[in-house]
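First the structure, in the form of structure tokens, and then the observations on it.
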Amino acid sequence: MDDFRSTNRDHWDELADLHPSTPLYDVDGFLDGESSLMDLERDELGSVEGKSLLHLQCHFGMDTLSWAREGATVTGIDFSPKAIEMARELRDEAGIDAGQARFVESDVYELPENLDGEFDIVFTSYGAITWLSDIGRWAEIIDHFLTPGGTFYIAEVHPVVGAVSETNGEFAKFEYPYFSDEVHRFESDEGYASDDKIEHGTTFYWAHTTGDILNALITAGLDIEFVHEFPKICYERFPNLVEGDDGWWRFPTGKPDIPMTLSIRATKRD
Ligand SMILES: C[S@@+](CC[C@H](N)C(=O)[O-])C[C@H]1O[C@@H](n2cnc3c(N)ncnc32)[C@H](O)[C@@H]1O
């Protein structure tokens, strides 16, 4: 593992320890039976009943376990040992059988060495791909783990959001490049789910354009079923966004907006 990834892993280990007690993640609600999934991925992926589902970058497993509650046999993978430990604890606390939900500690790029098998569905979501340096290799790994005819689905923060530093009044302020092959360094003394101070505040991330993501999937052997862009985001990314009754955050009505969520469904070619 290179220095970028080990620095990121220290950061995510710390957040995995912190996040289960933050209101944003609402573990109590989950334990009471609520799903942590957004309506978007549930509607667009459709029924997972009886399917095998591989969740890449599962964090501490709430979404993975929510898919298990919908009838899938799930495998969550993440490179953070703390996240995997917390995911297994949450699974046991939620009374979900280990035969239905397993968690594997692995870097995405090392997954073929750490996991066997093929899956009906490969899923990943919000805040995942910016941590990955090589989007082409990521797509090859998705293809590797999909059964022929299997489905890949991603609901992700739209790449355009990464080019916006903040909002200026009611408008998005573009400050970072949308097109960039370089690694970016970010420093913060707090995470995104609470204002608790953190020790491992350095992270490295990569920008991938919508075109890069689509072309990587096509080149790896997937047929794109749809690509959707939405002027809404699942968390309060900018201070002037307004939360709707549906839990999504949007720019105020009538004001200019930008795409803030991207979803893609694709099928592995036979
Ligand atoms: C924002 S979280 C994803 C949250 C996700 N939407 C969920 O289900 O909660 C990003 C996750 O990616 C993981 N991650 C980052 N780089 C990774 C890598 N190279 N391999 C595997 N996991 C990685 C982090 O440990 C973290 O748990």
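The values are calculated or read from the model by the stated rules, or taken from the named source; none is laboratory data. Since we're looking at a predicted model, the values are computed, not measured. Here the Cβ is made from the backbone with ideal geometry for all residues, glycine too, and neighbour counts use every protein chain on show. Side chains included, ligands, DNA and RNA excluded: accessible areas come from the protein's heavy atoms. Shrake-Rupley method; radii C 1.70, N 1.55, O 1.52, S 1.80 Å.
Pairs under 7 Å by beta carbon, first residue open to solvent by 30 Å² or more (accessible area, probe 1.4 Å) in the range 6-19, partner of a type in the set (Lys, Arg) and more than 7 Å from the ligand (Cβ to nearest atom), six or more apart or different chains?
Filtered contacts from the range 6-19: 13/82; 17/82.
Please go through the range 169-190 and give me each residue that is in contact with a strand residue (DSSP E or B) (Cβ under 7 Å, 6 or more places away or on another chain) and open to solvent by less than 50 Å² (accessible area, probe 1.4 Å), ordered by number. Walk me through it before giving the result.
Keep residues of the range 169-190 that are in contact with a strand residue (DSSP E or B) (Cβ under 7 Å, 6 or more places away or on another chain), which gives 172-176, 183-187, 189-190.
Hits for the range 169-190 are 172, 184.
Quick one: would you say residue 270 is part of a strand (DSSP E or B), charged (D, E, K, R) and more than 16 Å from the chain's Cα centre (by Cα)?
Numbers: part of a strand (DSSP E or B): no; charged (D, E, K, R): yes; more than 16 Å from the chain's Cα centre (by Cα): yes.
The answer is no for residue 270.
For residues that are of a type in the set (A, V, I, L, M) and open to solvent by 20 Å² or more (accessible area, probe 1.4 Å), scanning just the range 97-106, find the one that is nearest to residue 32 (Cα to Cα).
Checked the range 97-106; the qualifying residue nearest to residue 32 (Cα to Cα) is 98.
Limited to the range 112-143, what total is found for residues that are of a type in the set (Val, Ile, Thr) and open to solvent by 30 Å² or more (accessible area, probe 1.4 Å)? Let's see the steps before the verdict.
Here is the first cut: in the range 112-143, the residues of a type in the set (Val, Ile, Thr) are 121-122, 124, 129-130, 135, 141-142.
If we keep only those that are open to solvent by 30 Å² or more (accessible area, probe 1.4 Å) as well, we get 130.
Adding up the residues that qualify gives 1.
Check off (1) within 15 Å of the ligand (Cβ to nearest atom); (2) open to solvent by 10 Å² or more (accessible area, probe 1.4 Å); (3) under 30 Å from residue 255 (Cβ atoms) for residue 109 and give me the number that stays unchecked.
(3)
Run residue 118 past the list (1) in contact with a Phe, Trp or Tyr (Cβ under 7 Å, 6 or more places away or on another chain); (2) near the ligand (Cβ under 9 Å from one of its atoms) and report the number of the one that doesn't hold.
(2)
Out of the residues in the range 45-79 that are β-branched (Val, Ile, Thr) and either within 14 Å of the ligand (Cβ to nearest atom) or open to solvent by 10 Å² or more (accessible area, probe 1.4 Å) (or both), which is farthest from residue 31 (Cα to Cα)?
Our first condition is that a residue be β-branched (Val, Ile, Thr); within the range 45-79, this holds for 48, 64, 73-75, 77.
Still in the list and also either within 14 Å of the ligand (Cβ to nearest atom) or open to solvent by 10 Å² or more (accessible area, probe 1.4 Å) (or both): 64, 73-75, 77.
Numbers: 64: 14, 73: 19, 74: 18, 75: 19, 77: 21 Å.
Taking the candidates together, the pick is 77.
Filter the range 80-106 down to residues that are of a type in the set (A, V, I, L, M, F, W, C) and without any contact (Cβ under 8 Å) to a residue 60 or more places away in the chain and give me whichever is farthest from the ligand (Cβ to nearest atom).
Filtering first and then ranking leaves 98.
Can you find even one residue in the range 1-8 that is on the phi > 0 side of the Ramachandran plot and at pLDDT 95 or above?
Scanning the range 1-8 turns up no residue that is on the phi > 0 side of the Ramachandran plot and at pLDDT 95 or above.
Being closer than 22 Å to residue 108 by Cβ and assigned to a helix (DSSP H, G or I) is the filter here; which residues of the range 26-41 pass it?
41
Looking at the range 7-26, which of the residues that are more than 10 Å from the ligand (Cβ to nearest atom) and of a type in the set (S, T, N, Q) is nearest to residue 87 (Cα to Cα)?
By that ranking, first place goes to 21.
Considering the range 28-44 alone, what residues qualify as being in contact (Cβ under 8 Å) with a residue 60 or more places away in the chain, open to solvent by 40 Å² or more (accessible area, probe 1.4 Å) and over 23 Å from residue 158 (Cα atoms)?
The one that is in contact (Cβ under 8 Å) with a residue 60 or more places away in the chain, open to solvent by 40 Å² or more (accessible area, probe 1.4 Å) and over 23 Å from residue 158 (Cα atoms): 31.
In the range 191-237, what residues are assigned to a helix (DSSP H, G or I) and open to solvent by 40 Å² or more (accessible area, probe 1.4 Å)? Give the steps one after another, and end with the answer.
Pass one, the range 191-237, residues assigned to a helix (DSSP H, G or I): 210-220.
Listed by number, the residues that qualify are 212, 215, 218, 219.
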